[in-house]
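Remarks on the structure that follows.
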Amino acid sequence: MIKVSNVRKLFNEITVLDDVSFSVEKSNIIGLAGPSGGGKSTLLRCIQKLDKPNSGTIKCDGRVCFMFQDFQLFPHMTVLENLTYAPALKNKTSLPAKLALEMLENLGIGSKADAYQRQLSGGQKQRVALARSLMIKPDILLCDEPTSGLDVATTMDVVTLLESVRNMGVTMVIASHDLDFLIKISDRILLLKEGRIAVDISPKETDNPVEYLKKFYSLPPQQFVETLKLSSF
Amino acid sequence: MERIVSDIVYVGTGVLVTLQLLVGAICIGIVGGLLMSILRYRGTCRSLINGMVSIIRGTPLILQLGLIYFAVPGIFGIKLTAIAAGIISFGLNSSAYVAEILRAGIESIPKGQFEAAQTLGIPTSHMWKDIILPQVVRNVLPAMVGEIIALLKETAIISMIGCQDIMRKSQLLAAEQFVYFTPLCIAGVYYYLLVLFIEFIGRKIERSEKYDKSI
Ligand SMILES: Nc1ncnc2c1ncn2[C@@H]1O[C@H](COP(=O)(O)OP(=O)(O)O)[C@@H](O)[C@H]1O
Ligand SMILES: [Mg+2]
């Protein structure tokens, strides 16, 4: 569904992504873990073609949509207009509006259809952003830090929501610094550190994945290399 | 007393000419400024536009008016009426200022708004029309009202080439009566009333912006 091959990305001569390769099966959820500055956002932006890799290729089957960390809802439009604007350009009937209201209802924010973004809480904005992405029927959904700024209960809601999105057949790549969240939701976790994929695990088949992944966060680079060598034996 | 009334009426016949100049120049200024700022943001002809804006803002308006009215016909063989020359030069001049105002307005929109439109598959023309510009307009409305007021006052230099606007009418009156005070005061009151009117319209638009409620 997604095939990333040998992607290298530099910002001002600094390597942010270094020979990154992986592929994603349909309807899978891939978690991108790793310390801040590891290149998670950059990788997602390259997949969405918001940034262009310096070398390497990225192939996606079907329509890709990106959910921004800060949502980027359109502030001059109501929630409903945010949802319907893009699909209504292609479908001039009342269908997009009907669909949007249904979706808001399902997400438990049906009453917010006519609100503006500044009248929404963080969790509600998150839902609106998700609904707006789903309105264009993506095959692949990329989420950048979908739980940042959300409380524990709302994070649990996001897990449930994204799982139901997966059950609709949508393939997802989710970048997050929240390991517990990623482990709950991901079929596979890639840990990006200094622009490289340092770990590629299936959290369900790994003993104590949090502890395992945490090791890659705090260690200084030298020790980190040693650990890598040991873990490959 | 009777004379004052007839003086007011006489200078008032220039209001229509001043408004013609103003409205014509605003149209050219907004269309030109919009085009320049969007092209420039996208990187098309950036240095050409920067150069134009810089020259227009860096030379006196009265010189630009003179060029277009006196010099251009000599070079291209087109005879422009005074009012046409006024509308063109004030419009071009204003477009440079509008381009700068809009540049600041466009740059104040987060890059993520452009990217969000892109990820949703919104075509570029729709993105500008429905996503970016409505937000820009709200940000730049006060500056635009200021530009229109400045433009109104600058139209007074059209009197140099003999167009019978408010200013010219008051000068004619003064020359005829050998008194300057009353004719100039009358012209001043007309200009000031027009400025108040423009400010009033600006405030009305600002309040009617539905976006206002959302911020
Ligand atoms: N537009 C940019 N210009 C320059 N450097 C950037 C840009 N975007 C990201 N970077 C750098 O790339 C590195 C990776 O950033 P990012 O992909 O945001 O990491 P993460 O999302 O994992 O925290 C960081 O060091 C960051 O400073
Ligand atoms: Mg990030």
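Among B:59-65, B:110-116, B:150-156, A:140-146, the peptide with the highest mean count of other Cβ atoms within 10 Å heads the list, and the full ranking is A:140-146, B:150-156, B:110-116, B:59-65.
Relative contact order, whole percent, for region B:2-213 stands at 30, derived from Cα pairs under 8 Å and 6 or more residues apart. On a straight-distance basis, which lysines could pair with A:K49 in a cross-link, Cα separation under 27 angstrom, same-chain partners fewer than 8 positions away excluded? Within reach: A:K3, A:K9, A:K26, A:K40, A:K59, A:K90, A:K125, A:K137, A:K193, B:K111, B:K129. Springs between Cα atoms under 10 Å define the GNM used for chain A, and in it the highest mean-square fluctuation of A:M135, A:M168, A:M67 occurs at A:M168. Take every DSSP beta bridge whose two residues both sit in chain A; close to 50 percent of them are antiparallel. The relative contact order of chain A comes to 28 percent, based on Cα pairs under 8 Å that sit 6 or more residues apart. Sites listed here are chymotrypsin sites (Phe, Trp or Tyr not before Pro) in region B:117-215 whose DSSP assignment is loop and whose Cβ has at most 13 other Cβ atoms within 10 Å: B:F178, B:Y180. Measure nothing fancy, just the Cα-based angle from helix A:152-167's long axis to the longest principal axis of chain A, in degrees from 0 to 90, nearest 10. The two axes meet at around 80 degrees. Taking amide H atoms as placed 1.01 Å from N in the peptide plane, the amide H of A:R188 lies under 5 Å from those of A:I29, A:G31, each 5 or more residues away in sequence or on another chain.
I'd like the antiparallel share, as a percent to the nearest 5, of DSSP beta bridges with both residues in the protein assembly as shown. If we restrict to bridges inside the protein assembly as shown, about 50 percent are antiparallel. Near the amide H of A:K193, within less than 5 Å, lie the amide hydrogens of A:A198, all on another chain or at least 5 residues away, with H placed in the peptide plane.
Expressed as a whole number of Å, what is the distance separating the alpha-carbon centroids of region B:148-193 and region B:3-60? Answer, in whole Å: 19. Scanning chain A for trypsin sites (Lys or Arg not before Pro) that sit in a DSSP loop and have at most 15 other Cβ atoms within 10 Å, the longest stretch containing none of them is A:93-233.
Counting only whole DSSP H helices of chain B, the ones at least 27 Å long by C-alpha along their axis and with mean Kyte-Doolittle hydropathy no lower than 1.0 are B:15-42, B:82-107.
The mean sequence distance of close C-alpha pairs (under 8 Å, at least 6 residues apart), as a share of the length of region B:53-100, puts its relative contact order at 54 percent.
Values quoted throughout were computed directly from the atomic coordinates according to the rules given, and no laboratory measurement underlies them. Note that the structure is a prediction, hence the values are computed from the model and not measured. Note: ideal-geometry Cβ built from the backbone for every residue, glycine included; neighbour counts use all protein chains shown.
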